[in-house]
Amino acid sequence: MDRHYISLELDKILQRLAAFAASPDAKEQILLLEPQSDLDDVQRLQRQTADAHTLMARFGGPSFGGLRNINNALSRANAGSVLSMRELLDVAGVLRTIRGISEWRSSNSGVSCSIDVYFDMLTPNKYLEEKILQCIISEDEMSDNASPTLRDIRRRIRAASSRVREQLDKLIRSPHYQKFLREAIITQRNGRYVVPVKIEHRGEVKGLVHDTSSSGATVFVEPSAVVEANNDIKVLQSKERDEIERILAELSEEAGSFYEGIKQSYACAVELDVIFAKAKYAYELKATAPALNSYGKINLRQARHPLIDPKLVVATDIRLGDDFDTLIITGPNTGGKTVSIKTLGLLTLMAMCGLMLPVGDRSEVSVFSHVLADIGDEQSIEQSLSTFSSHMTNIISILKTADSESLVLIDELGAGTDPVEGAALAMAILEQLHRQGAKIAATTHYAELKTYALETPHIENGSCEFDVQSLRPTYRLLIGVPGRSNAFAISERLGMDHGVIARAQELVSGENRSFEHVLETLEESRAEYETKTKEAEALKIEADKARETAQNYKDSIEELRRKELEKAQQQAARIIDQAKRSAYTLMNELEELKKQSDKSADKAEMVRRAKQQMRRSMGEFDEITNPVVSQIDPDEPYVLPRPLKVGDEVLVVDMGKTATVSALADKKGEIEVTAGIIKLRTPLGNLRLQEKKEPPKKPSRAVPKQGGEFHVAGGQRNECDLRGMNVEEGILELERHMDRCMRQGLNELTVIHGKGTGVLRKGIQDYLRKNKFVKSFRLGTFGEGESGVTIVTFK
C-alpha cells in the first residue's frame, strides 16, 4: 500500500472493514482496496454501498457464510481429475450459498438498485447441489442412497458381517472355549473379525493369528469357521470402494462441466460480500453517503475520525477548496491539529474507496488523483536533524508529484530547525504548492505563518479550540481564527510564579504582544458570538416546536368541531325524519276524516290550512338539521355590479340568508331588506347581489289529493306501524292500510310489529296467510328490521 495512505491509517480502516466480510477471498480483496481517482468510478462504488445500506435497512442482509474458493478444485474436475468428498461438499456449500443470496434478492425484487447486475449474474445450480448432498454425508462417509449398486453391496456386507458375528458369538459363549479366551468379546484386526485368545491356549482355537497384544499375553485369532465369510466381506468391501470411486468420478465430472458458471457466480458473490461489508461498516460508524465532486471542494460537517472511540471522539467541521485552497492550522500541542488533517485525508481516501463516511448530512468530498501526506509520529518541538531531513525528503517528493488534482497534508511544516529559517521555508513550500494548484492543509507553530495566511489570498487560518480554564483542548477546528499558543496562560494555571510570567511577557516584542492581544479579542468575540448563536438556534427550535404544537392543537379542535357538528346534524335528521313520518300519518288520517265528513268548504279549508302549516314546519325542521353556512368572507373586497333597486334578491353576508330589497338606502346608507317575515336594515357592504334562479323542484312526498288518491315520496317505504297494539287492534289498522295501498296501486307494504313476545307477529301473519289479496309475505332482512317487520306483497 502507498506510504501516504499508511500514514493516514487507511490500512487500519481496511482491516476493520475486512472483519465484516464472510469469505476469505472477500477479506483479501478488501485489504487490497485502492482509492479510485476517477469520479465516475467513485460515484459507482458509492451508489453500490448506499444501495446495499438501504436494502439492509429494509430487508436485512443476505448470508455469505459457506463461500470459499473452489476454483482450483473445479478446474481439476474440468480437466478430468476425481475430487474428494471434502472438495465436493465444498462445491455444494458454495452452490447453497449462491442459491441463498439469489433467493434473498428475489424475495425483495420490487426495489431495483445498482448492485442488481451482480445478483443477475448469479446462476444457482440446485440440481448439482442436491445431488452432491444426497450422495455424500460427510467428508468420510458416502450415503447408501448414492447408487442402487452401493446400497446393495452394503446390504450384503451387513448380512455377511451379521453371519460372522453370530458364529463368533456362539463360540465366545461356548463353555468349552470360554476358558481359552482372554475376554468374551468380538473385535477386528485388519478388517477381519477375530477373538482374543490366551497365548498359552493358542492351539486350542483353530484359525489364523492376525495380531498380538502389546504385552504378548493375548493373540487375536480368526477362527477357521469364519475365514471364508471374512473373505467374502473383504471382497464386498473392495467392491464398495470401487463403487464409491465411481460415484466420486461421476460427481466430479458433473461439477467440472459447470466450471465456468460456478466460477462466475462465485466471483459475483465475493463482490457482493465486499459491498455488503461496506454497508455493515457504515452502520457501525453511523455513516452517510457524501456528495462527490472533482474540482477540489471539501465540506465535512460534524466529521468524526473513525479510529477514535465513538464515546470520546469530538465531531468537527472541516472546509477546504471553496473560498480558500490552503488551510494553515495553528495552536498548542495535543490540541487536535494532527487529528484534524488526518480526518480530512482519511475520510477523503475512504470516500474514494466507496465507503460511506462518519459525517453529517450535506457533507461533500472531492476526488483527487493524488493524496499526499507528510505526517510523523513525533509531536514534540524537540526534533532531531535526522527527523527534519526525513520530513524534507518527503516534502521534496510531494513537490515533484503534486498538481491541480492533488490533496497535500503536512504536519508541523518547517519544524525541527531554526524558527526563522523554518518559517521562511514553510512559506516558500506553501507558495510553490499553491502555484502547482494543489489543495493544502498544514499544521504549524510559527506565528509568521498566521500573518502570512491573513495577508495572502486563498489562504485561511485555522485553529483547534483550547479551554484555558480547564487546560483541556476541545478538539474543535475553528476555521478563520488563528491559533494561540496559550503558553503564558497554561504556565500560570499550572502554578508558575507570577513574576516569571510577567517577565516573560515583557521580553515578548510589542508587535507580537499586539498581535496576540488581537487574537485574544477575536477569540473572545467569536466565543460570545457562538454562544449567542446557539441561544438563538435553541430559541428558534423552541418557537418552531411551540408553533407546531399550536397548529396541531388547532387542527385537532377543528376536526373535533367538524365531527361533533356532523354527529349533531345526523341525530337531528333522525329526529326530524321520525317527526315527518308522524306528520304524514296525521295528514293521511285527516284525509280519511275529510272523506267521511260532509263536503263543506269550511272543513276543507281547515284541513288545507293545517297541512300547509305542517309543511311549513317541516321545512323549518330541514333548515335546522341542514343550516346554510355562509362561505363568503365579509372582509373580502366586493363591488356591486350595478346599483340596487327594489325587488333585487341579495345575500345578507353576516346572516348567510337570502333576502329581497324592500327600500333603498336611507341617510345612513342602510338598505331595508325583507327575509321571510323579518324586515331589517343593513349596510350596503353587507349585501351581495344575487342572480335570480329557478327554485329547485322539491321531491314528491306522501301527500293526499282530492279523490282519495295517495302519493308516496320516492325512495321511502310504505309502512304500517302496529307497535303497542293488541292483535285485534293491529288487524283493524292493517286492514285500513291494505285498503289504502290497493286503492293507490301499491303492491308492497311494510308492517312494523316489533319483536317483543311474538304474539302480535303471529296474529298478523295468521291473518295475512288467510287473506285472499295477499300474494306472499316474509320477515324483514338485515337493514329492513329483521324479525321486527313483515314485508307484504299484494296480488
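Restricting region 182-240 to residues that are assigned to a strand (DSSP E or B) and acidic (Asp, Glu) leaves a set whose member that is least open to solvent (accessible area, probe 1.4 Å) is 222. Taking residue 216, is it at positive phi and in contact with a Ser or Thr (Cβ under 9 Å, 6 or more places away or on another chain)? When the stated conditions are applied, residue 216 does not pass them. Among the residues in region 281-296, are any touching a helix residue (DSSP H, G or I) at 6+ places or on another chain (Cβ under 9 Å), open to solvent by 30 Å² or more (accessible area, probe 1.4 Å) and under 30 Å from residue 70 (Cα atoms)? Scanning region 281-296 turns up no residue that is touching a helix residue (DSSP H, G or I) at 6+ places or on another chain (Cβ under 9 Å), open to solvent by 30 Å² or more (accessible area, probe 1.4 Å) and under 30 Å from residue 70 (Cα atoms). Going by the conditions given, is residue 82 at pLDDT below 90 and more than 20 Å from residue 266 (Cα to Cα)? In short, no. When the test is whether a residue is open to solvent by 50 Å² or more (accessible area, probe 1.4 Å) and either in contact with a strand residue (DSSP E or B) (Cβ under 8 Å, 6 or more places away or on another chain) or over 23 Å from residue 318 (Cβ atoms) (or both), residue 400 passes it. How many residues are farther than 17 Å from residue 327 by Cα and modelled with pLDDT of 80 or more if we restrict to region 370-388? Final tally of qualifying residues: 1. Do you know which residues across region 94-136 are surrounded by 15 or more Cβ atoms within 10 Å (Cβ to Cβ) and free of Cβ contacts under 8 Å to residues at least 24 places away in the same chain? Across region 94-136, the qualifying residue is only 102. When you scan region 407-421, do you find a residue that is within 23 Å of residue 348 (Cβ to Cβ) and either touching a Gly at 6+ places or on another chain (Cβ under 6 Å) or part of a helix (DSSP H, G or I) (or both), even just one? Taking every residue of region 407-421 in turn, at least one turns out to be within 23 Å of residue 348 (Cβ to Cβ) and either touching a Gly at 6+ places or on another chain (Cβ under 6 Å) or part of a helix (DSSP H, G or I) (or both). Taking every residue in region 70-93 that is in contact (Cβ under 8 Å) with a residue 12 or more places away in the chain and farther than 20 Å from residue 241 by Cβ and pairing it with any residue that is surrounded by fewer than 17 Cβ atoms within 10 Å (Cβ to Cβ) and of a type outside the set (Lys, Arg), at least 6 positions away or on another chain, the pairs with Cβ-Cβ distances below 6 Å are 92/133. Applying the criterion of at least 2 residues that are modelled with pLDDT of 85 or more and of a type in the set (D, E, K, R) to the strands (runs of 3 or more DSSP E) found wholly in region 638-685 leaves 670-675. Need a quick list: helices (runs of 4 or more DSSP H) entirely within region 26-137 having at least 3 residues that are under 30 Å from residue 9 (Cα atoms). The qualifying helices (runs of 4 or more DSSP H) are 39-59.
Condition test on residue 340, is it in contact with a strand residue (DSSP E or B) (Cβ under 6 Å, 6 or more places away or on another chain) and among the small types (Gly, Ala, Ser)? Answer is yes for this residue. If I ask for residues that are touching a Leu at 6+ places or on another chain (Cβ under 7 Å) and in a helix (DSSP H, G or I), which ones from region 248-265 would you list? Within region 248-265, 248, 251, 252, 254, 255, 256, 259, 262, 263, 265 meet the criteria.
Within region 137-146, the only residue that satisfies the criterion of being touching a residue at least 60 places away in the same chain (Cβ under 8 Å) and not small (Gly, Ala, Ser) is 142. In region 138-156, the residue that is surrounded by the fewest Cβ atoms within 10 Å (Cβ to Cβ) out of those that are in a helix (DSSP H, G or I) and of a type outside the set (D, E, K, R) is 148. If you go through region 1-25 and pick out every residue that is basic (Lys, Arg) and in a loop (DSSP other than H, G, I, E, B), you end up with 0. Looking at region 756-779, is at least one residue farther than 19 Å from residue 729 by Cβ, at pLDDT 85 or above, surrounded by fewer than 12 Cβ atoms within 10 Å (Cβ to Cβ) and not charged (D, E, K, R)? Checked against the condition, which is being farther than 19 Å from residue 729 by Cβ, at pLDDT 85 or above, surrounded by fewer than 12 Cβ atoms within 10 Å (Cβ to Cβ) and not charged (D, E, K, R), region 756-779 yields at least one hit.
Checking the structure you have, find out if any residue of region 591-603 is open to solvent by 100 Å² or more (accessible area, probe 1.4 Å), in a helix (DSSP H, G or I) and either modelled with pLDDT of 80 or more or β-branched (Val, Ile, Thr) (or both). So far as region 591-603 goes, no, none of its residues is open to solvent by 100 Å² or more (accessible area, probe 1.4 Å), in a helix (DSSP H, G or I) and either modelled with pLDDT of 80 or more or β-branched (Val, Ile, Thr) (or both). Looking only at region 33-62, residues that are more than 19 Å from the chain's Cα centre (by Cα) and more than 24 Å from residue 5 (Cβ to Cβ) come to 0 in all.
The values are calculated or read from the model by the stated rules, or taken from the named source; none is laboratory data. This one's a predicted model, so the numbers in the text were calculated from it and none came from an experiment. All Cβ positions, glycine included, derive from the backbone under ideal geometry; neighbour counts span all protein chains shown. The area values use the complete protein model at the heavy-atom level, side chains included, leaving out ligands, DNA and RNA. Shrake-Rupley method; radii C 1.70, N 1.55, O 1.52, S 1.80 Å.
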